[in-house]
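Novice: Got a structure for you, questions after.
Only the coordinates and a few stated rules stand behind these numbers; no lab work does. Predicted model only: the values in this text are computed from it and were never measured. Virtual Cβ from ideal backbone geometry, glycine too; neighbours counted across all protein chains shown.
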Amino acid sequence: MRRSSRKSHRAVPPFDLTPMIDVVLQLIIFFLFTSQFGELVRTEIDLPEEPGETTPVTEGPNLVIDIDADGTYLIASQPRTLAEIEAIARGEISITGDPILVSVQIRPDRNGPAIHLNDLTQTLAQLGIRQASLGTVTPSGGPPPGGVQP
């Protein structure tokens, strides 16, 4: 018995990678835009120089409130009144269901009057928000945060 010397050749259909490349490029563009969005809403504030916390933060705050040197409250670089901030904080409380779960980061300008910071913290305390942190920068030339000077 002899085998046939003819080999059967099947035509393999071409595999077009263009749609897959298009999807990958769209995903890359999407992630580039969304990752940059957090950086775009930062307001340039001259923060107080303090060592600050040394424990790593596992989760970002629900709300970031900036106070510029003129005493203007800013959320996402948009000026807000204290009443508007109170309404936004109430919205955050309704989302989380408990004011204790709402965390706020306050970023005051070091050259601004403290009365605006006091008014804001009083408003947050009246709403029951207890997790408020103060944004600072590490002093230059001082000891490292939480450490001793060598």
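Novice: Give me D66, D98, D46 sorted ascending by neighbouring Cβ count inside 10 Å, so fewest comes first.
Specialist: Placing the least packed residue first, the sequence is D98, D46, D66.
Novice: Something else: What is the set of long-range amide H partners of R107 at a cut-off below 5 Å, with H atoms built 1.01 Å from backbone N?
Specialist: I65, D66, I67, G135
Novice: Here's another thing I want to ask about it. Using DSSP to call loops (not H, G, I, E or B), can you name the trypsin sites (Lys or Arg not before Pro) in segment 45-138 whose Cβ has at most 14 other Cβ atoms within 10 angstrom?
Specialist: R110, R130
Novice: Kindly give Rg over Rh for segment 63-134, based on alpha-carbon atoms, with the Kirkwood expression for the hydrodynamic radius.
Specialist: Checking Rg against Rh, the ratio lands at 0.94.
Novice: Short version: ³J(HN,Hα) in whole Hz for each residue of segment 128-140, in order, from phi by Karplus 6.51 cos²θ - 1.76 cosθ + 1.60 (θ = phi - 60°), x for Gly and Pro, what are they?
Specialist: x, 7, 10, 9, 10, 10, 9, x, 9, 10, 6, x, 7
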